[in-house]
Amino acid sequence: MADRRRAIEQIWRARSKRARAVRALLTPAELLYDTIVSARGKLYDWGVFRSEDFSVPVLSVGNLTVGGTGKTPIAAWFARQFIERGIAPGIVLRGYGGDETIVHQRLNEGIPVIATPDRARGIREAIASGVSVVILDDAFQHRRARRDADVILINADAWIGRPRLLPAGPWREPLRSARRATLAIVTRKVADRAAVENVTRALAHAAPRIPVVSVQLIPAGVTSTSTGQRLPLHALNGADLTAIAAIAQPDSFFRQLTELGAIVRPYSFPDHHAFTGAEAHWLAEQASSSDFVVCTLKDAVKLESLWPAEAGSLWYVSQRLKIEDGQPHIDRLIEDLSSSTR
């Protein structure tokens, strides 16, 4: 599975002659996919396919690509903004792999988190539980549920200049689809500001009326899964780390650790990988001489119950959101949705 994922990534992103040739062979399928996606979108735009309305405001946080852009931490961040305003949020998501559901429950304890492929049904369940606003995690393409605001995320770490649609590339929709969004957020972990500016320029050309915000996801601390002990980030400076990541764009996570001054031994798995007990024991053996074994929160919620006690602590690196540009756009969006709940 991991080898197949890496092969697909190579086809999508590599500049080798072989990768370019495969992409060229996939171009007819890409054009067919574009035609189908565009036709479906027009049927919703024209009202042939109808969207269901709801009695509370609905905010969708989604993207245009396959793979990670920071949807889960940003959707959880929006939920906290509502909580701080005394507004009860609920999260609705497909729940692919099960990890995002548990991550949301960890990041915002006590709020309803409903996992179902039927987003409209999930919204109805959330409303029945008493929430005042619903946040859809990864629902930009799920237009059967009407939303009051659509936020799309584009990952500057994964930007390669020319969006290619499935199956020739990782894009679910062309960049022009950003026109139906309320707000675009360019995310980054380790990409430089020049990469963010490249994405922003492309968005300005494809969807000139959509406000753009840029944010960085940065490490916030290191936490033990067994004891809850928290360490400052400088504890990783000079440390020998075994780093585990079963996320999209795992190299961005590994680079974050390297930039903290750590010596990183990376172990990557496919996004949403379901770890087995045997894999946990194998990873613990590989890490026997490391100072720390670290992973993402998304991986920790799956590995913690499998991690052998004799191997010592498994640690996860939490991420926090730093808004770099466009704060007024986000403030306005939150205020508009908050006022709709009163």
To two decimal places, what compactness ratio does the range 172-265 give when its Cα radius of gyration is scaled by 2.2 N^0.38 Å?
1.40
Round to a whole number: what % of the accessible area of the range 202-333 belongs to carbon and sulfur, probe 1.4 Å?
52 percent
Length gained if Arg209 through Ala194 is fully extended, taking 0.36 nm per residue and subtracting the Cα-Cα distance, is 3.2 nm
Highest mean packing first, using Cβ neighbours within 10 angstrom, the peptides 74-81, 251-258 sort as 74-81, 251-258
Calculated FRET efficiency, Glu304 and Gln10, Cβ-Cβ r, R0 35 Å, to nearest 0.05?
0.65
Taking alpha-carbon centroids only, the range 112-132 lies from the range 289-342 a number of Å equal to 22 Å
Enclosed volume per residue, in Å³, of the convex hull spanned by Cα atoms of the range 95-207:
132 Å³
Labelled set (i) 19.0; (ii) 16.0; (iii) 17.9; mean projected area of the Cα convex hull in nm² computed from this model equals the value at (iii)
At what distance in nm do the modelled label points of Arg106 and Ala19 sit from each other, each positioned 7 Å from its Cα along Cα→Cβ?
3.1 nm
Per residue accessible area in Å² of the chain, where ligands, DNA and RNA are left out and the probe is 1.4 Å
47 Å²
Tell me the chymotrypsin sites (Phe, Trp or Tyr not before Pro) within the range 3-75 that lie in a loop according to DSSP and have at most 13 other beta-carbon atoms within 10 Å.
Trp46, Phe49
Share of pairwise Cα separations in the range 71-112, more than 11 Å, in percent
62 percent
Ala278 versus Tyr96: modelled label distance in nm, points set 7 Å from Cα along the beta carbon direction
2.6 nm
Quick one: if you stick a label point 7 Å off each Cα along the C-beta vector at Gln327 and Ala29, how many nm between them?
4.7 nm
Quick one: pull the percent of accessible area on the range 56-154 belonging to carbon and sulfur, 1.4 Å probe, ligands and nucleic acids left out.
47 percent
Hey, with R₀ at 22 Å, roughly what FRET efficiency would Trp46 and Arg144 work out to, going by the Cβ-Cβ distance, to 0.05?
0.90
Within the chain, how many lysine pairs that are 8 or more places apart, or on different chains, have C-alpha atoms less than 30 Å apart?
11
Could you calculate the FRET efficiency of Ile218 with Thr341 from 1/(1 + (r/R0)^6), where r is the beta carbon distance between them and R0 is 25 Å, rounded to 0.05?
0.25
Please identify which residues in the range 305-322 have an amide N closer than 15 Å to a label point set 7 Å out from the Cα of Arg230, following the Cα→Cβ vector.
316-321
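The values are calculated or read from the model by the stated rules, or taken from the named source; none is laboratory data. Predicted model, so just to flag it, every value in this text is computed and none were measured. Here the Cβ is made from the backbone with ideal geometry for all residues, glycine too, and neighbour counts use every protein chain on show. Each accessible area value is taken on the protein alone, full model and side chains, heavy atoms only, with ligands, DNA and RNA left out. Shrake-Rupley method; radii C 1.70, N 1.55, O 1.52, S 1.80 Å.
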